[in-house]
Structure formats: C-alpha cells, structure tokens
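The values are calculated or read from the model by the stated rules, or taken from the named source; none is laboratory data. Computed from a predicted model, the values in this text were never measured in an experiment. Methodologically, a virtual Cβ is constructed for each residue, glycine included, from the backbone with ideal geometry; neighbour enumeration extends over all protein chains shown.
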Amino acid sequence: MPGQEQQRPQRRDDPPDEAPAPVPAGAATAQGLDDDIDAVLDEIDEVLEANAEDFVRAFVQKGGQ
Amino acid sequence: MGIETEYGVLAPGDPSANPMVLSGQVVNAYAQPLGALAGRARWDYEDEAPLRDARGYQLDRASADPAALTDEDDPTLANVILTNGARLYVDHAHPEYSSPEVTSPRAAVRWDKAGERIMALAVEAIARTPEATPVNLYKNNTDGKGASYGTHENYLMSRATPFADIVRHLVPFFVSRQVVAGAGRVGIGTESERPGYQLTQRADFFEVEVGLETTLKRPIVNTRDEPHALADKYRRLHVIIGDANLCEVASLLKMGTTSLVLAMVEDRAITRDLSVEHPVATLRAVSHDPTLQTLVTLRDGTRLTAVQLQWAYFEQASAYVGTRFGADVDVDTAEVLTRWESVLTRLETDPMQCAAELDWVAKLALLQGFREREGLSWDAPRLSLIDLQYSDVRPEKGLFHRLVARGRVERLIEHSAVASAVTDPPEDTRAYFRGRCLAKYGREVAAASWDSVIFDLPGRQSLQRVPMLEPLRGGRDAVGDLIDGCATASELMLALGAR
C-alpha cells in the first residue's frame, strides 16, 4: 500500500499558535492550477448557458428532504 | 449501505412548469421503454414507517408535517423498481434515485454513478420526444434561493448500539466531514443573502442537532427509525446532512469514513469524546470558510480546526483497524484509510491540491479561474451559473463531466462498471434477488420494496409476498442458481417453498 509510505507534514492536536490569517482568495489557487487551466476555462466558456443572469434567476426549486 | 439522491429539475423553456409533473415525466421517460421490467411493479408500502423515531416513540400522524408522510401511495406519482435493485420515483417534487443496498463504499459509488447515468438517459429520452417538455436535471442540493433537497446515506447498524452513542460521536464527525465531502456552493445563507463561497450545499439548511424531520428544522443527526429489515436486530441510520457528490473520491471517502466511524461506535472503540460546543453554528462556520482555518471549540475546551478534528477520527480509525484486523484488513477499508490520510494531509498544506478528488475544491478551482480571468466578484451571476451547471447531468453540458473528459478529475470506477450497474444489481445483498426477479419475472411482480417482492401468479387467488428482512440474504450465492433454474415466477415460488 504505497499511501502508507507517504510523509505527512507535522500536524498537531493542539491549536495553531497564531490566530488564523485570512488566506487571500487567489493565492492558494494559482499554485494548484497548471498551464492547462486557460484551455479548460475556454472549453467551459463554450458550454456555459448563454445568459447567466436569466438562467440563475429561473433556477427555482421546490424544497425537498 | 446506500445513497438516495433527489435531483434538481428544470424546464428551461417553461419556468412555470409543475415540478411534480416534470419529475414524473423523468421517471416515466426512463421506465417506459423498459416496459414490464420496471413499469408495472408498484411500491409495496407494507413495512414503511417514516414517523417512527429512533429515540423510542412514534410521532402522531395528525401532528406530522404532510411532507413527512412518504408512505401514502399516490397513483399519479411515478414510482418504479429497476433491475439493478434501485428505486426511481418522484419525491417532494424531485426525481429521486435510491441506490440498491451494497456492502462497500466502492460499490456505493458505482451504483450512485449508475443513478447519474439513468438520469442523463431520462433527459436524453425526453429531448427526443417531440411532445414532451424538455427537462434538465442537476445533481445538487439547493437552488440558492431558500430551497434544499437531499442526498441521504443509509447505513445498516446493530439495534443494540445505544442511539445516544451514535449522536455523541457522529455530530463532531459531521461538523468536520464537510472539509472532505462538501460539494461547494456559491452564496452564503439559505437564500444566498451574502456573496461568497462555502464548502457545502447543505450546511445553511440545518437548524437542530438531533431530530426526526427531514424537510424543515433539519437535524445534523436524523432519528428516522425505519429499518426496512428485522427491527429488533437492525437499525438503518438515515444520514441527511451530506451533499450530492460527483467526485468519486469524495463520495468514496464520505461513505467509507462514515462507515468506519459507525463501526467504531458499534464496537465502543472511540476513546475520545470530541463533542463540540454549538454544533449547528459551528457546522455553518466551518462550511463558510474555504481556507479551513476556522477553529472548532470542543466541550472540553480544546480548540482545533475541522481538519484536525478529522485527524482525531482518522487516528482512532487507523488504530481500530490495526488492532481489530491487523494484516487481514480488507482492501476497501485499507483504501479508505490511505486516501483519507492523503487528502487530510493535503488539505492542511494547500487544499487546492485536492482539485482532482474533492468537489468543493474542483468547483472552487474553476470559479477562481474565472474570477481572475474576468475580474468577477462573488455576486456575479456567472459564478452562480458555474455552481449550478457543475452538476448538470448531461455529459456535454455538465461542467463536472467536462473536467472528467479533460482528465482533471480522478475516477475510481470504470465506465463499463457504471454501465453494467445501470441494469445489474449488486451480487451480495437482497438487491440481487429483487433486481433479478424484476429482470426475469417482471410481468408477475405486482409490487416490491426494500424488504419484499410480491408476485401475482397465474391461477393464484392471492398475491404471494416474499419477505426479505435480512439485507445480506438473497445474494447470488444463495439464490443465483435458483433463479437461473426457474423459468417462471410460479416455479420460483414452488422452489422457495420447498427450501
């Protein structure tokens, strides 16, 4: 089981020392994405419903469980 | 175990269309071409008791919300049993797919994916029918305007386990599980009153810690006590707090880690009381913070992040499995532990590294891409559209499906295995008997339910009911040869009677 070999960064049961600093929204993202992201966004752009505002307004559901 | 999902239903050309009618159209569009294989058998409500409470009393029918009365058969509502052992029907103005009973998280994911395929096939069938109102389906849990609809998990448990133990250990687990299992949502508050992004579709719709209701005052732990099995031996834990997952890894971990925690509760193997202060408020606070830095306060005063709370469960589960099974651990359990550890590790360093495995991260990566490229703020309708369309079941339009097609999402189940699960039942539970009977003797099946199949046999005055109150009985090993050898349902009944 290869997963058991992996290193785990130190983690603690005690809370972090400093108060949590808000992570800037874009910072974490840029790291996780690769060069392919522009092509992905282009493709998504092509399949997105034409009028976002109208679509979102019309998406009304009845409550369920 | 199993997963039931109510899908969002939309008629793009006709916003005033009645959602119950649309949902019925969805069920019928899938079931009608199957003819007797699915269309004729009714649901058998004999053993259903949705108002029974796990805490030991029964809610008075007159005082229940009408939406809680799910066992009243309305012939205008479509409701079929499929050859894969699943139930496809209209529930609360949504088409619902309830997967057949399975025994592993991987199988749960496989038959849940089969449900997505079935919904996509229904949408296609409707699109091909000129007189039908075109319908799209969405595997999500809210419209962002105050309505939520559910994705429920079910776990078979021992009746002997005290319900109070289940509540004590599950509440902190569910408060923190969303860092793994959340499907992501644009908008904060039930009506998206505040702009922003949160981990889950459902957190804002939960109001109490424990309760029987599922459509209002939703509880973190639901007490519905309707085992669909021997009631003195089993309980069916009905989990209503989860989101509809599209990512297979997220879905596997949701089912697998919850099963592990429940196994520990049954074995009294949880050594730490991790009870949290103000669980409902904490549930929402955790969901509202995609940076995962929000601190949870335990009743003993400890403060820790939701990821650290998950680590506390992981460590106990890892020790439990090691002690209990050692080297004999089954591959499914080993896989869940390995993946759980891997995901928690990366959530702690950089959550975006989980974009191929967790829905909330995959969706956030897309949204951030558009935010940066187009300078959008969180209240931009385009971002809400991406949130909704992520869950569109159509392969060509659903954004999740586009990510899969580009290889950006990790898959666990082969396409061919999903395709066969559309028609074939699992082989190791009573769903096998139910599904095979529908496939082979569909014309003679008058009704069926989770725990029964009722035959209407030629020449017999009364209906013949086969009870199936043991969920693990009726699998291929037990009845496969029998069904293979019986050409008709009458032969099958004779053979069953002789055993």
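Figures for the structure shown
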{"quantity": "Residue that is farthest from B:Ile386 (Cα to Cα) [pool: residues in the stretch A:34-55 that are of a type in the set (A, V, I, L, M, F, W, C) and more than 7 Å from every other protein chain (Cβ to nearest Cβ)]", "calculated": "A:Ala39"}
{"quantity": "Residues of the stretch B:316-343 satisfying the condition of being among the aromatic types (Phe, Trp, Tyr) and without any contact (Cβ under 8 Å) to a residue 60 or more places away in the chain", "calculated": "B:Phe325"}
{"quantity": "The stretch B:270-291, residues that are buried (at least 18 other Cβ atoms within 10 Å of the Cβ), not acidic (Asp, Glu) and not in a helix (DSSP H, G or I)", "calculated": "B:Ile270, B:Leu274, B:Val276, B:His288, B:Pro290"}
{"quantity": "Residue identified as buried (at least 24 other Cβ atoms within 10 Å of the Cβ) and of a type outside the set (D, E, K, R) among B:Val167, B:Val186, B:Val171", "calculated": "B:Val186"}
{"quantity": "Total residues in the stretch B:1-34, condition assigned to a helix (DSSP H, G or I), among the hydroxyl-bearing types (Ser, Thr, Tyr) and surrounded by fewer than 22 Cβ atoms within 10 Å (Cβ to Cβ)", "calculated": "0"}
{"quantity": "Residue within the stretch B:379-400 that is touching a Pro at 6+ places or on another chain (Cβ under 7 Å) and either part of a loop (DSSP other than H, G, I, E, B) or under 17 Å from B:Gln198 (Cα atoms) (or both) present", "calculated": "yes"}
{"quantity": "Members of the stretch B:84-127 found to be of a type in the set (Val, Ile, Thr) and under 26 Å from B:Leu262 (Cα atoms), listed by number", "calculated": "B:Val102, B:Thr103, B:Val109"}
{"quantity": "Number of the exception - B:Asp359 against (1) in contact (Cβ under 8 Å) with a residue 60 or more places away in the chain; (2) surrounded by fewer than 22 Cβ atoms within 10 Å (Cβ to Cβ); (3) of a type outside the set (A, V, I, L, M, F, W, C); (4) in contact with a Cys (Cβ under 9 Å, 6 or more places away or on another chain)", "calculated": "(2)"}
{"quantity": "Any hit, the stretch B:344-354, residues being surrounded by fewer than 21 Cβ atoms within 10 Å (Cβ to Cβ) and in contact (Cβ under 8 Å) with a residue 24 or more places away in the chain", "calculated": "yes"}
{"quantity": "Among the residues listed as B:Ser259, B:Ser287, B:Ser275, the single one being closer than 16 Å to B:Arg339 by Cα and among the polar types (S, T, N, Q)", "calculated": "B:Ser259"}
{"quantity": "Count of the stretch B:466-495 residues which are in a strand (DSSP E or B) and touching a Phe, Trp or Tyr at 6+ places or on another chain (Cβ under 8 Å)", "calculated": "1"}
{"quantity": "Within the stretch B:187-257, strands (runs of 3 or more DSSP E) holding 2 or more residues that are in the same structural domain as B:Val336 (by TED's automatic domain parsing) and under 15 Å from B:Ser148 (Cβ atoms)", "calculated": "B:206-211, B:218-222"}
{"quantity": "Residue in the stretch B:309-327 that is within 11 Å of another protein chain (Cβ to nearest Cβ), closer than 21 Å to B:Gly182 by Cβ, among the aliphatic types (A, V, I, L, M) and surrounded by 14 or more Cβ atoms within 10 Å (Cβ to Cβ) present", "calculated": "yes"}
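Listed here are the residues, each with its yes/no results for (1) in the same structural domain as B:Pro105 (by TED's automatic domain parsing); (2) modelled with pLDDT of 95 or more; (3) touching a Phe, Trp or Tyr at 6+ places or on another chain (Cβ under 8 Å); (4) more than 16 Å from B:Leu412 (Cβ to Cβ).
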{"position": "B:Thr323", "(1), (2), (3), (4)": "yes, yes, no, yes"}
{"position": "B:Glu335", "(1), (2), (3), (4)": "yes, yes, no, no"}
{"position": "B:Glu341", "(1), (2), (3), (4)": "yes, yes, yes, yes"}
{"position": "B:Arg346", "(1), (2), (3), (4)": "yes, yes, no, yes"}
{"position": "B:Ala356", "(1), (2), (3), (4)": "yes, yes, no, no"}
{"position": "B:Val361", "(1), (2), (3), (4)": "yes, yes, no, yes"}
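Per-residue answers, yes or no, for (1) crowded, with 20+ Cβ neighbours inside 10 Å; (2) more than 27 Å from B:Pro134 (Cβ to Cβ); (3) not assigned by TED's automatic domain parsing to the domain that holds B:Ile118:
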site: B:Gln368; (1), (2), (3): yes, yes, no
site: B:Glu374; (1), (2), (3): no, yes, no
site: B:Ser384; (1), (2), (3): yes, no, no
site: B:Gln389; (1), (2), (3): yes, no, no
site: B:Glu414; (1), (2), (3): no, yes, no
site: B:Tyr432; (1), (2), (3): yes, yes, yes
site: B:Gly442; (1), (2), (3): no, yes, yes
site: B:Ala446; (1), (2), (3): no, yes, yes
